[in-house]
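Let me begin by presenting the structure, written as structure tokens, before commenting on it.
The values are calculated or read from the model by the stated rules, or taken from the named source; none is laboratory data. Predicted model only: the values in this text are computed from it and were never measured. When we count neighbours, we look across all protein chains shown, and the Cβ atoms used for this are built from the backbone with ideal geometry, even at glycine. When the accessible area is computed, the model is the full protein with side chains, heavy atoms only, and any ligands, DNA or RNA have been set aside. Shrake-Rupley method; radii C 1.70, N 1.55, O 1.52, S 1.80 Å.
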Amino acid sequence: MNENASKSFLFSFFGGLLIGSIAAIFLKMFFSLSTTAFMYLMISVGFTLVGSLAGLLIWINSTKDDHQSIEKAQHDATHDSLTGLLNRAGLLDELEFSIQEARENEMALGVLFLDLNRFKVINDSMGHDAGDELLCIVAERLKKAVRSTDVVARFGGDEFIVVSRGLLSKKSVVSVATQILKSFAEPVSLAGGKQIVSTSIGVAITDHHDTRDAQELLRDADSAMFEAKRNKTGHAVFDDSQRQKNIKRLEIEQDLTAAFEKDEFVVFYQPIIDVMTRDIYAFEALVRWNHPTQGLLMPGEFLGVAEEVGMMGKIGDLVLREACAQASIWNHLSASARNVKMSINVAEQQLTNPDFLEDIVSVLSWSGLHADQLILEITEDVMVEHLDGLDALRRIKSLGVSLAIDDFGTGQSSLSYIKEFDMVSTLKIDQTFVRDMNSEGADRAIIEATIAMARALDMSIVAEGVEHKEQLEALRQLGVHKMQGYFFNRPVAAEVVDPQRWFGRNQEEPQERSIGFKPVEVSHGYAQRGDAS
Ligand code: C2E
Ligand code: MG
Ligand code: MG
């Protein structure tokens, strides 16, 4: 009984008793009847009963309200107010229960972790109402795609969880993932237009031999989801190899801080060749980590972790300083080096730093490098995700620095954004298209379309990943003149670059820098100086 209900009950009870007593005293005083005692008793009991009954009714009513508000509070605590699905707290309860149930019945259980692709872009460009509408549509699609016994929850933001229960085999969990991916194939009607919405699904499967609890299964499904996103495979299943990878990632995470103190990062340089003049047009600065026990680590092995733990800005800054200083040193060693640019990759965490513009200005003045020698490479995805950072890029461009879109064609972005990137002067065609451009398939057509678009937008093109003469010839025929790839040179340490041989046209042996000739022989096992071939 709540406080108000008990008060009204007591008030009615004692109120009734009091009124009854007063009435009885009144009767006794004015009508000294022999039945006074009886009347006294009857009237007080009568009023008491009436009062109590009223109190009881008030109490029943208020406990009903109480019950409803408790139920509502419980529902709100375990459900998402936007989609009506279970929220994180509700999911954890359900998942613990489902794990127990699967163990008792010796069944398999699948936890599917979904994250929408490009949700941020839709939310930022179409507005939060459209974003909310999309989340509700996704919730409905998910409910339809799974069985009624499965659990669907919104984990937060654009993350959803499906718990697939009562499965006979682990295989059937994967078919649930496929079913969900199919349900996303249909475009979504959003804010008066049609949008293709896709998702990446990470799957963790458990059976009665497994001892993982709800949090651990969610962690593993989340990690598989990242794998699916990275590889653009739609879905990925968490397995032993993934577990090993995670252990390695954890080690890397622990060693990253010390790597700065011990000065273990090295910057390698890969030439970008102008195949018309046969000169080096630019160097791309590429970071490596000289790990004390694991040897020379490539960016793919540690940049993801650095990004996750928020250290990418620091690494990017180190590369920026190192590469600008190196280019400036080459300027001093060879007059022709002044014509060669330094192309540096910019990470998302650098771009979102409000001091980025100032950092560039200060690095240029500290290193003495000319602004027109600096190129900043930003991937297509990062550009699209930070449309609000375009003004900062315009200001950087006004310093005289050039901007390039890296890995063009691999992002999730829509071509319609390209016209917003008026400050960009170069598109770097990703190596995945160059790799198969001479075989059957769409790659050559994609390259041709990219070239046509770049020309229309007055942008120049750099082709990445040129490994064979045939690729070089095919690209040259299409009018691409700037190329980078193992065919010319692997990335090498700064000391390998001999300014007298590598820069300038007026050298004695021009052929040595020409197409097909590798200025540097980088042998296996000598990775300190260049990437092994
Ligand atoms: P990216 O910027 O697209 O760099 C080109 C990558 O392609 C480099 O890989 C390079 O070694 C590799 N490559 C060059 N020519 C060929 C070729 O002919 N065939 C093949 N298969 N690969 C070729 P790397 O050094 O492993 O770097 C991978 C990515 O890591 C880079 O891709 C870039 O996105 C990122 N990265 C590297 N250094 C930095 C850095 O200092 N800062 C940031 N933010 N990202 C970096
Ligand atoms: Mg790059
Ligand atoms: Mg690239």
| request: With a ≥ b ≥ c taken as the square roots of the eigenvalues of the C-alpha gyration tensor of the chain, please select rounded if a/c is under 1.5 and otherwise prolate if a/b is larger than b/c or oblate if it is not? | output: prolate
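Using a 1.4 Å probe over the heavy atoms of the protein chains, calculate the carbon and sulfur portion of the accessible area of the chain as a whole percent.
Numbers: 14790 of 26800 Å².
Carbon and sulfur: 55 percent of the exposed surface of the chain.
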| request: For K341, go through the lysines and keep the ones whose alpha-carbon is under 19 Å away, minus same-chain ones fewer than eight residues off. | output: K397, K428, K482
| Whole-Hz couplings from phi, Karplus 6.51/-1.76/1.60, listed for segment 481-492; x for Gly and Pro | 10, 10, 9, 9, x, 4, 4, 8, 6, 7, x, 9
| message | Can you compute the helix-only [θ] at 222 nm over the chain? Use -39500 (n - 2.57) per DSSP H run of at least 4 residues, normalise by all residues, nearest 500 deg cm²/dmol. | response | -16000 deg cm²/dmol
| If H386, H75 are ordered by their accessible area, calculated over protein heavy atoms with a 1.4 Å probe, which sequence runs from highest to lowest? | H75, H386
| field | Net length gained if the chain between R338 and R321 were fully extended (0.36 nm per residue, minus Cα distance) | value | 4.4 nm
| Residues of the chain: accessible area per residue at 1.4 Å, in Å²? | 50
| task | Would you mind checking segment 295-314 for residues with the amide N under 15 Å from a putative spin-label position 7 Å along Cα→C-beta of E261? | result | none
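Find the relative contact order for segment 88-238 and round it to a whole percent, using C-alpha pairs within less than 8 Å whose residues are 6+ positions apart. Don't jump to the answer; show the numbers that get you there.
On the way: 270 pairs, mean separation 47.1, N = 151.
31 percent.
For R212, R476, what's the largest-to-smallest order of accessible area, 1.4 Å probe?
On the way: R212 30, R476 75 Å².
So, going from the largest accessible area down, we get R476, R212.
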| task | Step through the residues of segment 282-289 one at a time and calculate ³J(HN,Hα) from phi using the Karplus curve (6.51 cos²θ - 1.76 cosθ + 1.60, θ = phi - 60°), rounding each to whole Hz and writing x for Gly and Pro. | result | 7, 10, 9, 7, 10, 7, 9, 10
| field | Cα-based Lys pair tally, segment 88-238, threshold under 27 Å, eight or more apart or on separate chains | value | 29
| Given 0.36 nm per residue, what is the gain on full extension from D274 to V188 after removing their alpha carbon distance, in nm? | 26.5 nm
| query | Residue-wise, which Karplus ³J(HN,Hα) couplings in Hz belong to segment 415-427, taking 6.51 cos²θ - 1.76 cosθ + 1.60, θ = phi - 60°, and x for glycine or proline? | reply | 4, 4, 6, 3, 5, 6, 8, 5, 7, 8, 9, 9, 10
| said: Please list, ordered by chain and number, the residues whose modelled amide H lies under 5 Å from the amide H of A347; skip anything fewer than 5 residues away on the same chain. | reply: none
| request: Label segment 391-501 by shape, choosing from rounded, prolate and oblate, from the square roots a ≥ b ≥ c of the eigenvalues of the Cα gyration tensor; if a/c is under 1.5 it is rounded, and otherwise prolate applies when a/b is larger than b/c, oblate when it is not. | output: oblate
| query | Can you give me the relative contact order of the chain as a percent, contacts being Cα pairs under 8 Å and 6 or more apart? | reply | 10
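Keeping all protein chains in place and using 1.4 angstrom, which order do C136, C324 fall into by accessible surface area, from largest down?
Details: C136 45, C324 0 Å².
From most accessible down to least: C136, C324.
Calculate, for A73 and S241, the FRET efficiency according to 1/(1 + (r/R0)^6) with r their C-beta to C-beta distance and R0 56 Å; round to the nearest 0.05. Mind dumping the intermediate values first?
Details: r = 45 Å, r/R0 = 0.80.
It comes out at approximately 0.80.
Using R₀ = 30 Å, calculate the FRET efficiency as 1/(1 + (r/R₀)^6) where r is the Cβ-Cβ separation of D458 and S125; round to 0.05. Mind dumping the intermediate values first?
Numbers: r = 24 Å, r/R0 = 0.82.
Efficiency computed from Cβ-Cβ geometry: 0.75.
From Cα pairs below 8 angstrom and at least 6 apart in sequence, can you work out the relative contact order of segment 64-145, rounded to a whole percent?
Details: 30 pairs, mean separation 18.0, N = 82.
Computed value for segment 64-145: 22 percent relative contact order.
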| How high is the FRET efficiency between R212 and D65 when r is their beta carbon distance and R₀ equals 45 Å, given to the nearest 0.05? | 0.60
